[in-house]
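What follows is a set of notes on a single structure, which appears directly below.
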Amino acid sequence: MYKLFYQSVFFVFTLVSALFVGCANAVVKPSIKVVTEFMPPLQMAKSGHQIHGKVAQLVQAVTKDTGLPHSIDVFPWARSYLWATTKPNVLIFPIIRTKEREDKFHWVGRVWSFSAQMYRLKGRKPIVINKLEDAKNYNIAVYRDDFFHRYLLAQGFNESNLYPAAGIEQSINLFLNKRVDLILVDSSIFEYYLKQYQRDIDEVESLFTLKNVKQNDAYIALSKSTNPAIVELFKQSYQRVAASPEFADSLRDAVAVSANTQ
């Protein structure tokens, strides 16, 4: 009888201990929600699938280094941004670090520098742009609500000469199909889509570079309500991964190709 009693006590103790350890682990290792958008060649995937690409590989390595469980989703930019500004333990990338966004996120590390170029099709009417103000005389394709779209609006452009598309690919289609005069887009992304469409880079001409833009650097960021200990963990992992032989050179090259004057 006493043997049965002690066996029962031992079983309950073991069960409670297991539950306690499980709860402790749940607190120490919360799940991280990683959100991004479809932006080849930086990151490519469909929602719920493994992502790949230049920036995606770096982010995956950083997240793996933290040892925290995580899930990855590819959403339209507006939805990814909403998640990252309203929920804890959300990692978003690549996000341009602007003055307006500075206090809305914890900034982990730089992963890319966008090169904002304004292009025209060579076969169309000649266009001369010596300064950004000159572009107000033409129709320009942009990606709706992204940084470049908002930047142009802040510089006095309006919806009468801006053609915001639902995605980067759609804005490039507008441009290639001669629905607009110009397009403002990152050069590496633009060149990727030209190859996809079997179009030659010689068909287009870069007329203007946003050299005065100081916030072209894109980062890994964590939602503001994320636990500070988790933020520090990600920052340490980023430093280790960024300094590793696998990523040090490519990261240095990526951030060197920038549209700003650093």
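The values are calculated or read from the model by the stated rules, or taken from the named source; none is laboratory data. Being a predicted model, the structure only gives us computed values, none of them experimental. Using ideal geometry, Cβ is built from the backbone for each residue, glycine included, and neighbour counts are taken over all protein chains shown.
Please state which of the following conditions Tyr143 fails to meet, knowing it meets all the rest: (1) closer than 30 Å to Ser225 by Cβ; (2) of a type outside the set (D, E, K, R); (3) in contact with a Phe, Trp or Tyr (Cβ under 7 Å, 6 or more places away or on another chain).
(3)
State which residue pairs qualify: first residue closer than 12 Å to Lys64 by Cβ and inside segment 230-245, second residue modelled with pLDDT of 95 or more and part of a loop (DSSP other than H, G, I, E, B) in any location, beta carbons under 9 Å apart, and separation of 6 or more residues or different chains.
Hits for this filter: Phe234/Leu68; Phe234/Thr226; Ser237/Gly67.
Can you pull out every residue in segment 160-209 that is under 24 Å from Asn130 (Cβ atoms) and of a type in the set (D, E, K, R)?
Answer for segment 160-209, where residues must be under 24 Å from Asn130 (Cβ atoms) and of a type in the set (D, E, K, R): Lys178, Asp181, Asp186, Asp202, Glu203, Glu205.
If I ask for residues that are over 15 Å from the mean Cα position of the chain (by Cα) and over 22 Å from Asn158 (Cα atoms), which ones from segment 103-120 would you list?
Across segment 103-120, the qualifying residues are Asp103, Lys104.
Regarding segment 157-180, can at least one residue be identified that is out of contact with any strand residue (DSSP E or B) (no Cβ under 8 Å at 6 or more places or on another chain) and crowded, with 19+ Cβ neighbours inside 10 Å?
No, segment 157-180 contains no residue that is out of contact with any strand residue (DSSP E or B) (no Cβ under 8 Å at 6 or more places or on another chain) and crowded, with 19+ Cβ neighbours inside 10 Å.
Can you tell me which condition Arg150 does not meet? The list is (1) modelled with pLDDT under 95; (2) within 30 Å of Ala229 (Cβ to Cβ); (3) among the basic types (Lys, Arg), and all the others hold.
(2) is the only condition that Arg150 fails.
Just one of Lys104, Lys122, Lys87 is under 26 Å from Phe190 (Cα atoms), surrounded by fewer than 18 Cβ atoms within 10 Å (Cβ to Cβ), touching a residue at least 60 places away in the same chain (Cβ under 8 Å) and charged (D, E, K, R); which is it?
It is Lys122.
Would you mind stating whether Leu210 is aliphatic (A, V, I, L, M), at pLDDT below 90 and over 18 Å from the mean Cα position of the chain (by Cα)?
yes
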